[in-house]
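K.L.:
Would you mind keeping the following structure in view while I ask a few things?
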Amino acid sequence: MNSLHREYIERVDRVPVQGLGLSVDVYSPNLLTLLTYLRRRQVLPAYLEVFRAASTALAAVRRQTDTSLTYHGEGLWVTQPGAQRDRLFQQEAREVALQLEILQSAWSNHECATKHIEGYSFGTYLPPLYTPSSAAVVATNIRAVQAVFDRECRLSGGSSPLFLLEMPPLTYFVAGTVSIPEFFRQVTEQAACGLVLDVGHLWTVYRYSTVWQTVSLTTFLSRFLAEFPLERVVEIHVAGLSVHESMIMSPLRSLAEQDQGLPLWTDAHAAPIPPVLFEMLDLILTDVRLRHLKGLALEVDTKPIELIADEFESFISRYGAVFPSKAQGAVCADASRKERDDRAAEIWSEAEEDSVRHAYENYARVVSGQAAPAGTEWTSSVACADGLTLYQSSYLPYEILHWGGEIKAMFPDTCRELATRAVLLDAFVVFWFREPRPVHSSYDFFEIKIDQFLEFVGEVAPEVQAVAQREANELREAYRSANESPLPVASHQP
Ligand SMILES: [Fe+2]
């Protein structure tokens, strides 16, 4: 057993078993309303994994429930090179540490994915480039974040929260040179983190890599699990899948489904959980290497509360025996903290970092349609660019124009003025990805959308900019006051 794996065992042994839980958003649905409803239905979760929110809202949740709380992070782009020296990344890591302490969370889960690549912003997650150097970047960043947790977050028993890395979903394509399970093995060989295995994400890996063409779902699953470091899995997620809004009317959808015989589902937490995911979970749970599993959760943010209760009721009756007793994890002082801080300070050579940075820059340009999918990341046997057209022609424009803020609803007067000048909003999508625009504050897609639309209007119709500026000011004001209330109205999607 190498020293990193020993360190992982030490850390995970201090994480208490959580049992069957729900991964939730504070705002959508309103968490306190949800808990009241679940109490009435007598289907209470043993733990709640709470998505990042304003610290005041998290503190309110901590005060108002005795349920064990864990944390689902956001905005900490561990896939991106150079994070260790990035002031914003360090600030985000400290913010996460603060929120972990507020919740007294035993872990921090974050997707192995990003929404911002070398100046290009996206509304939903992009998976990493599945390459060995990208795995090394992820591991380096995780070690740095864990060091921040060790330094700045103290749980009541004296330990610090464990960093968990979640395998992200695929949205129609995958790029890389190593298989996804091999990538996560490489990360775990270089960092003492735990993992979250999301069963719906795993279904999308089957669907949007090339394997579905040659093997059944069951065969894929057993091969995937044989390669995946299951001994590092601390939590399993199950969430809904559905056809994305941008695809509902798309002629490309029926073509793709006809050719391939499988639905064009993507990760969708609001949607019902298809039975196939529980069949997959049944098989996963038979693997003896899952000895560090501490929690099994349905991810239910944005889902109607009646559906959450129905699904959780069935979940409890099907998986109630997985955690027969909720043994508490022991806590002890962290003697080797200094050594870990030192290891986290190791940095990559600039040449190595530059090469990964260039690979990611090219990745962002390919997925946004500005460059052709060339190079080994797109041509190896594990890559699959088949669905790239779906992503570029429907999913991505929808994200810019409709998701996380409908442009026509955000800027009604400006859009009317643009229409009279025959300026099409499709031009905004082209403008968005025309050049990199770095982000200098905590990542917020809604605010980025406001900023970029103002710039766009300034370029295509400068005489309308005053109207756009007025609407932008109103939007920012309303957004700020909504986010300052203890339980603001907001949305989060995968
Ligand atoms: Fe998940």
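The values are calculated or read from the model by the stated rules, or taken from the named source; none is laboratory data. Nothing here was measured: the structure is a model prediction, and the numbers come from that model. Here the Cβ is made from the backbone with ideal geometry for all residues, glycine too, and neighbour counts use every protein chain on show. Surface accessibility is based on the protein's heavy atoms, side chains included, excluding ligands, DNA and RNA. Shrake-Rupley method; radii C 1.70, N 1.55, O 1.52, S 1.80 Å.
Yes/no per residue for (1) out of contact with any Cys (no Cβ under 7 Å at 6 or more places or on another chain); (2) modelled with pLDDT of 90 or more; (3) closer than 29 Å to LYS303 by Cβ; (4) open to solvent by less than 40 Å² (accessible area, probe 1.4 Å):
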| site | (1), (2), (3), (4) |
| --- | --- |
| PHE431 | yes, yes, no, yes |
| GLU455 | yes, yes, no, no |
| GLU463 | yes, yes, no, no |
| HIS492 | yes, no, yes, yes |
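K.L.:
Given (1) crowded, with 20+ Cβ neighbours inside 10 Å; (2) in a helix (DSSP H, G or I), where does GLU182 come up short, assuming only one miss?
P.N.:
For GLU182, the exception is condition (1).
K.L.:
So LEU487 ticks every box in (1) at pLDDT 90 or above; (2) aliphatic (A, V, I, L, M); (3) open to solvent by 30 Å² or more (accessible area, probe 1.4 Å) but one. Which box is left unticked?
P.N.:
In the conditions (1) at pLDDT 90 or above; (2) aliphatic (A, V, I, L, M); (3) open to solvent by 30 Å² or more (accessible area, probe 1.4 Å), LEU487 misses (1) alone.
K.L.:
Of the conditions (1) within 16 Å of the ligand (Cβ to nearest atom); (2) over 21 Å from ILE9 (Cβ atoms); (3) not β-branched (Val, Ile, Thr), PHE220 satisfies every one except a single condition; which number is it?
P.N.:
(1)
K.L.:
Considering only residues that are among the small types (Gly, Ala, Ser) and either open to solvent by 70 Å² or more (accessible area, probe 1.4 Å) or in contact with an Asp or Glu (Cβ under 8 Å, 6 or more places away or on another chain) (or both), which ones fall in the range 390-418?
P.N.:
ALA409 - this is the single residue of the range 390-418 that is among the small types (Gly, Ala, Ser) and either open to solvent by 70 Å² or more (accessible area, probe 1.4 Å) or in contact with an Asp or Glu (Cβ under 8 Å, 6 or more places away or on another chain) (or both).
K.L.:
Considering (1) touching a Ser or Thr at 6+ places or on another chain (Cβ under 6 Å); (2) away from the ligand (no atom under 16 Å from the Cβ); (3) open to solvent by less than 10 Å² (accessible area, probe 1.4 Å), say which one THR131 fails and leave the rest.
P.N.:
Going through the list (1) touching a Ser or Thr at 6+ places or on another chain (Cβ under 6 Å); (2) away from the ligand (no atom under 16 Å from the Cβ); (3) open to solvent by less than 10 Å² (accessible area, probe 1.4 Å), THR131 breaks only (3).
K.L.:
Take the residues in the range 52-61 that are more than 16 Å from the ligand (Cβ to nearest atom) and buried (at least 16 other Cβ atoms within 10 Å of the Cβ); name whichever of them is farthest from the chain's Cα centre (by Cα).
P.N.:
Checking each candidate, the answer is ALA60.
K.L.:
Here are the criteria: (1) more than 16 Å from the ligand (Cβ to nearest atom); (2) without any contact (Cβ under 8 Å) to a residue 60 or more places away in the chain; (3) within 21 Å of the chain's Cα centre (by Cα). Tell me which single one ALA226 does not satisfy.
P.N.:
(3)
K.L.:
Looking for whichever is open to solvent by 10 Å² or more (accessible area, probe 1.4 Å) and within 19 Å of CYS193 (Cβ to Cβ) here; the options are GLU74, GLU49. Which one fits? Reasoning before the result, please.
P.N.:
Numbers: GLU49 fails: open to solvent by 10 Å² or more (accessible area, probe 1.4 Å).
The match here is GLU74.
K.L.:
Being more than 16 Å from the ligand (Cβ to nearest atom) and under 20 Å from the mean Cα position of the chain (by Cα): is that true of LEU48 here?
P.N.:
Numbers: more than 16 Å from the ligand (Cβ to nearest atom): no; under 20 Å from the mean Cα position of the chain (by Cα): yes.
When the stated conditions are applied, LEU48 does not pass them.
K.L.:
What number of residues in the range 232-251 are away from the ligand (no atom under 12 Å from the Cβ) and closer than 30 Å to GLY295 by Cβ? Break it down into steps so the answer makes sense when it comes.
P.N.:
Initial filter on the range 232-251 (away from the ligand (no atom under 12 Å from the Cβ)): 232-234, 242-251.
With the extra rule that they be closer than 30 Å to GLY295 by Cβ, the set shrinks to 232-234, 242-244.
Number of matching residues: 6.
K.L.:
Can you name every residue in the range 195-211 that is more than 14 Å from the ligand (Cβ to nearest atom) and in contact (Cβ under 8 Å) with a residue 60 or more places away in the chain? Even if it seems obvious, please write down each step before you answer.
P.N.:
Of all residues in the range 195-211, those more than 14 Å from the ligand (Cβ to nearest atom) come to 206-211.
TYR208, SER209, THR210 - these are the residues of the range 195-211 that are more than 14 Å from the ligand (Cβ to nearest atom) and in contact (Cβ under 8 Å) with a residue 60 or more places away in the chain.
K.L.:
Tell me, which strands (runs of 3 or more DSSP E) wholly within the range 1-89 include 2 or more residues that are within 19 Å of ALA270 (Cα to Cα)?
P.N.:
On the way: elements: 19-24, 47-51, 68-72.
The strands (runs of 3 or more DSSP E) meeting that bar are 19-24, 47-51.
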